[in-house]
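The structure appears right after this line, and notes come after that.
The values are calculated or read from the model by the stated rules, or taken from the named source; none is laboratory data. Everything numeric here is computed off the predicted structure, so don't read it as measured data. All Cβ positions, even for glycine, are placed from backbone atoms using ideal geometry, and neighbour counts span all protein chains on display. These area figures cover heavy atoms from the full protein model, side chains too; ligands, DNA and RNA do not enter into them. Shrake-Rupley method; radii C 1.70, N 1.55, O 1.52, S 1.80 Å.
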2 protein chains.
Amino acid sequence: MDTHEVVRLHINFKTLEEFENFREYGLQELSMKEDLEANIIENDSESPFYGVYFGKKLVGRMSLYKIDKKFDRYFEPPQDYYELWKLEVLPGYQGKGIGRSLVDYAKNFGLPIKTNARQRSDDYWKKLGFEALTYQSDRDRGENPYVWFPKGVSEQK
Amino acid sequence: MDTHEVVRLHINFKTLEEFENFREYGLQELSMKEDLEANIIENDSESPFYGVYFGKKLVGRMSLYKIDKKFDRYFEPPQDYYELWKLEVLPGYQGKGIGRSLVDYAKNFGLPIKTNARQRSDDYWKKLGFEALTYQSDRDRGENPYVWFPKGVSEQK
């Protein structure tokens, strides 16, 4: 499986146009577009998105938000961690290890990662080294939380 | 469009078997099953799930969690509200108003409702009377929050 170069995506009209190819496109993307149009954010501002290009085409992406440790209900000891959302590889580019490259990139920051495994993607996340948490209905409210633990980190009880 | 009878789902092995027909099946369902097998919860315990049956077949469902007002970052005035997850109607039963019946049932509790509109379902939620919130990256972290406001309730600024 190849390793693919991962880059942090800058917000500009080109990137936002590329985002329209992805299934998960909503208020987050629209709000970036509006902020750009209204000059509230600058062209080429940093974004929470990371991506993989094939030539000039964005073919995979994920969103990563750092969550402050005061909100951490997942990890022991409590600490800053990343929430990983919107991991998505375009049809035709799947099965090439692009998702894995993105997730490996996130792991390299060295903080724990939490995601919500949707639509029976549990096996995929396990293959990437993620583990299911013990379901807690108050905390998880229907989510399907999978996490990646760096060394020395475990599940918060 | 017909109105469909909505029932609160009780947790038993029959219900959990029906859940296997839905795309969103994960730790929440598995944890219910384990609790039932271990007699941690009783047969026919109440669940956060509501459903619609056609004959004896469960064809649509949603999960509703009441969130305490101290965690409310969406509504003005801050108040208890429902988080709606896992609204899903089986293929072959879509387009009959089953999703609408489920959501109408949730509205009848009279509290605001918040959901995360996935995979470009924005138009669907708008048709059901939901509105997009103003995206706030700290709060929404990649989510696509749509809400339903009962009378007298507005967006928290």
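If you scan the stretch A:107-127, which residues turn out to be among the aliphatic types (A, V, I, L, M) and open to solvent by 10 Å² or more (accessible area, probe 1.4 Å)? So that I can check it myself, show each step before the final result.
Pass one, the stretch A:107-127, residues among the aliphatic types (A, V, I, L, M): A:111, A:113, A:117.
A:L111 - this is the single residue of the stretch A:107-127 that is among the aliphatic types (A, V, I, L, M) and open to solvent by 10 Å² or more (accessible area, probe 1.4 Å).
Can you tell which of B:D68, B:D44, B:D72 is at pLDDT 90 or above and either open to solvent by 60 Å² or more (accessible area, probe 1.4 Å) or in contact with an Asp or Glu (Cβ under 6 Å, 6 or more places away or on another chain) (or both)?
None of the other options fit; the residue is B:D68.
I'm trying to understand the selection: among the residues of the stretch B:5-32, which are of a type in the set (K, R) and facing another protein chain (nearest Cβ under 9 Å)?
At the first step, the residues of the stretch B:5-32 found to be of a type in the set (K, R) are B:8, B:14, B:23.
The answer is B:R23, and nothing else.
Can you tell me which residues in the stretch B:7-41 are at pLDDT 90 or above, open to solvent by 20 Å² or more (accessible area, probe 1.4 Å) and aliphatic (A, V, I, L, M)?
Hit for the stretch B:7-41 is B:V7, nothing else.
What's the total number of residues in the stretch A:73-84 that are acidic (D, E), part of a strand (DSSP E or B) and away from chain B (no Cβ under 13 Å)? Please lay out each step first, then the result.
Going through the stretch A:73-84, the residues acidic (D, E) turn out to be A:76, A:80, A:83.
Now narrow it down to the ones that are part of a strand (DSSP E or B): A:76, A:83.
Add one more test, that the residue is away from chain B (no Cβ under 13 Å), and what stays is A:76.
The qualifying residues number 1.
If you go through the stretch A:15-50, how many residues are in contact (Cβ under 8 Å) with a residue 60 or more places away in the chain and among the acidic types (D, E)? Outline the logic, then answer.
Here is the first cut: in the stretch A:15-50, the ones in contact (Cβ under 8 Å) with a residue 60 or more places away in the chain are A:21-24.
Narrowing further to those that are among the acidic types (D, E): A:24.
Going through the stretch A:15-50 one residue at a time, the tally reaches 1.
Being within 13 Å of chain B (Cβ to nearest Cβ), surrounded by fewer than 18 Cβ atoms within 10 Å (Cβ to Cβ) and of a type in the set (D, E, K, R), is that true of even one residue in the stretch A:89-106? Give the steps one after another, and end with the answer.
Of the stretch A:89-106, the ones within 13 Å of chain B (Cβ to nearest Cβ) are none.
No: the stretch A:89-106 contains no residue that is within 13 Å of chain B (Cβ to nearest Cβ), surrounded by fewer than 18 Cβ atoms within 10 Å (Cβ to Cβ) and of a type in the set (D, E, K, R).
Give the number of residues within the stretch A:108-140 that are on the phi > 0 side of the Ramachandran plot and either out of contact with any helix residue (DSSP H, G or I) (no Cβ under 9 Å at 6 or more places or on another chain) or in contact (Cβ under 8 Å) with a residue 40 or more places away in the chain (or both). Explain how you work it out, then say what you get.
Applying the first criterion (on the phi > 0 side of the Ramachandran plot) to the stretch A:108-140 yields A:110, A:119-120, A:129.
With the extra rule that they be either out of contact with any helix residue (DSSP H, G or I) (no Cβ under 9 Å at 6 or more places or on another chain) or in contact (Cβ under 8 Å) with a residue 40 or more places away in the chain (or both), the set shrinks to A:110, A:119-120.
The number of residues fulfilling the criteria is 3.
Here are B:Y53, B:Y105: which of them is free of Cβ contacts under 8 Å to residues at least 60 places away in the same chain and either among the aromatic types (F, W, Y) or more than 18 Å from A:R141 (Cβ to Cβ) (or both)?
Details: B:Y105 fails: free of Cβ contacts under 8 Å to residues at least 60 places away in the same chain.
Going through B:Y53, B:Y105 in turn, just one is free of Cβ contacts under 8 Å to residues at least 60 places away in the same chain and either among the aromatic types (F, W, Y) or more than 18 Å from A:R141 (Cβ to Cβ) (or both): B:Y53.
Hey, does the stretch B:146-153 have a residue that's of a type in the set (K, R) and open to solvent by 30 Å² or more (accessible area, probe 1.4 Å)?
Residues of the stretch B:146-153 of a type in the set (K, R): B:151.
With open to solvent by 30 Å² or more (accessible area, probe 1.4 Å) added as a condition, the list becomes B:151.
Within the stretch B:146-153, one or more residues are of a type in the set (K, R) and open to solvent by 30 Å² or more (accessible area, probe 1.4 Å).
Where residues in the stretch A:108-147 are among the small types (G, A, S) and within 11 Å of chain B (Cβ to nearest Cβ), which of them is nearest to B:G142 (Cα to Cα)? Full working, then the answer.
Filtering the stretch A:108-147 for residues among the small types (G, A, S) gives A:110, A:117, A:121, A:129, A:132, A:137, A:142.
Pick out the ones that are also within 11 Å of chain B (Cβ to nearest Cβ) and you get A:117, A:121, A:132, A:137, A:142.
Numbers: A:A117: 14, A:S121: 19, A:A132: 21, A:S137: 22, A:G142: 17 Å.
Only one residue fits best here, namely A:A117.
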